[in-house]
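See below for the structure under consideration.
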Amino acid sequence: MDAEKSSSSSFEDLSNINEQERAEMNSSTGQQQQQEAGTKNQKEEYMDILGNGTLLKKVLKEGQGERPESRDIAIVNFTGRLDDGTVVEEEQNCVVQIDDVEVVQGLDMALKLMNVGEQAEVIVSSRFAYGEQGLKNEDHPERTVPPNEKITYTVELVSTKEETDLESKTYTARKEIGNKKRLRGNFWMKRQEYNLAIQSYRRALEYLDESEGGITNPTESGNMEPTNAELQELLEDRMKVYNNLALAQLKIAAYDAALKSVDHVLQCQPNNAKALFRKGKILDAKGDTEGAISFLQKAATIDEDDKLIQSELSKLILKSKREARNEKDLYQKMLGQAQKLEQKSKTTPATQNRETSKFKLWGYLMGSILIGVAGVAIYRYNNRYF
């Protein structure tokens, strides 16, 4: 009995241990499932805008208004932070034209997915923020964005409205907006983001070009048309844009487009040294060294103190001389080969003639010998039998 009790007692103890283990295991599994569910829910809170995790958006406060569309004018408040919490960007009542890259690309894309009144958190990877270069803030070094850093923005879409027609905008408004976009193009140029610079410059031209209509006529509000001095200022701004646009197009090897842009400047300002210099660089890139030298010489005459023009001109002159020397060497080489071929062609017939003469001489000799032998044979035959 004692043995049976002992055996039974041992069995009961083992059963209790197994039940405890199972309880612990179930508890551990439950916690793990809760953690996984929490992580899943957390992920589901974010909208993966591009589907690859590089641009995420989470609604913090629902909005009730409409969503902005491309070219709409939006007013936004936003703060951008690094992972360590450092504030690198902060704007209140910032006016942004959608799709005009007036803010980082990731934020620009996310704004179109927000409703007016909405507050959201937008996580932008470095690719759609400030990339490998980062952003150096000289005025506020503590707000510098290091290379390859993602930025988390807290954004509020305050309002949005459609852009009014260009024809209804005043001279002052078009000049202000056009130059804002020109400066944004300069920002992208300095960062070597040439395609974004081109986009900004083209948009700037839409506002600064009076040929589009409206700018030289009184507006609906009764504003008088601009004076000649004001139109001249607008022309100067437009020439700056075309000059910079040509440079951006040159950088991406869009040479024909760059020529058209720089020609816009030279048609209005034929002595614009910067435009002459740019056209020279474009022609050089297209392989027209002599044409490039011509424009750089004119630019150097107009702006004698510009060391860059003088340096590039010197390089092109040396390049031209080198090309001329190479062409001369190639011509002489080709000429030498032609002379050799001609000499060979003259020598070959003479050799053939000598060989032909020798062949004929040997033919005559052999013929004479054969005739002689035949004659002797016939003579002997006749004397023998007759």
**Q.** Where labels lie 7 Å past Cα in the beta-carbon direction, separation of Val59 and Glu225 in nm
**A.** 5.1 nm
Q. If amide H atoms are built 1.01 Å from N in the plane of the peptide, which residues on other chains or at least 5 residues away come under 5 Å of the amide H of Leu135?
A. Val145
Q: Give the accessible area for Glu45 in Å² (nearest 10); use a 1.4 Å probe, count only protein heavy atoms, and leave out ligands, DNA and RNA.
A: 100 Å²
Q: Enter the accessible area of Leu266 (Å², nearest 10), with the probe set to 1.4 Å and all protein chains included.
A: 30 Å²
Q) What order do you get for 163-176, 194-207 when each peptide is scored by the mean count of other beta carbon atoms within 10 Å, highest first? A) 194-207, 163-176
**Q.** When each of Lys251/Lys319; Lys57/Lys180; Lys181/Lys315; Lys136/Lys180; Lys58/Lys190; Lys286/Lys328 is checked by Cα-Cα distance, pairs over 26 Å
**A.** Lys57/Lys180; Lys181/Lys315; Lys58/Lys190
Q: Quote to one decimal, in nm, the extra length available between Val95 and Glu138 on full extension: 0.36 nm per residue of separation minus the C-alpha distance between them.
A: 13.2 nm
Q: Starting at the first residue of the range 191-206, write each ³J(HN,Hα) from the Karplus equation 6.51 cos²θ - 1.76 cosθ + 1.60 with θ = phi - 60°, in whole Hz, x for Gly and Pro.
A: 8, 6, 8, 5, 5, 5, 4, 4, 4, 5, 5, 5, 5, 4, 5, 4
Q | Two-site FRET efficiency, Glu121 against Lys328, from Cβ-Cβ distance with R₀ of 56 Å, rounded to 0.05 | A | 0.20
**Q.** Extension reserve of the Asn148-Glu167 stretch, reckoned as 0.36 nm per residue once the Cα distance is removed
**A.** 2.6 nm
Q. So between Thr301 and Glu206, what do we pick up on full extension, going 0.36 nm a residue minus the alpha carbon distance?
A. 30.9 nm
Q. Got a number for the accessible area of Lys298? Probe 1.4 Å, square angstrom, nearest 10.
A. 90 Å²
Q | Estimated dipole of the range 55-163 in Debye, rounded to 20 [Cβ of Lys and Arg +1, of Asp and Glu -1, Cα centre] | A | 340 debye
Q. Ordering Met189, Met47, Met334 by how much accessible area each has at a 1.4 Å probe, largest first, what is the list?
A. Met334, Met47, Met189
Q: Compute the FRET efficiency between Met47 and Lys260 as 1/(1 + (r/R0)^6), taking r as their Cβ-Cβ distance and R0 = 41 Å, and round to the nearest 0.05.
A: 0.50
Q.
Between the range 129-157 and the range 72-96, how far is it from one alpha carbon centroid to the other, in angstrom?
A. 11 Å
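The values are calculated or read from the model by the stated rules, or taken from the named source; none is laboratory data. On a predicted model such as this, the values are computed, not experimentally measured, just so you know. Note that we place each Cβ from the backbone using ideal geometry, even for glycine, and neighbour counts take in every protein chain shown. Surface accessibility is based on the protein's heavy atoms, side chains included, excluding ligands, DNA and RNA. Shrake-Rupley method; radii C 1.70, N 1.55, O 1.52, S 1.80 Å.
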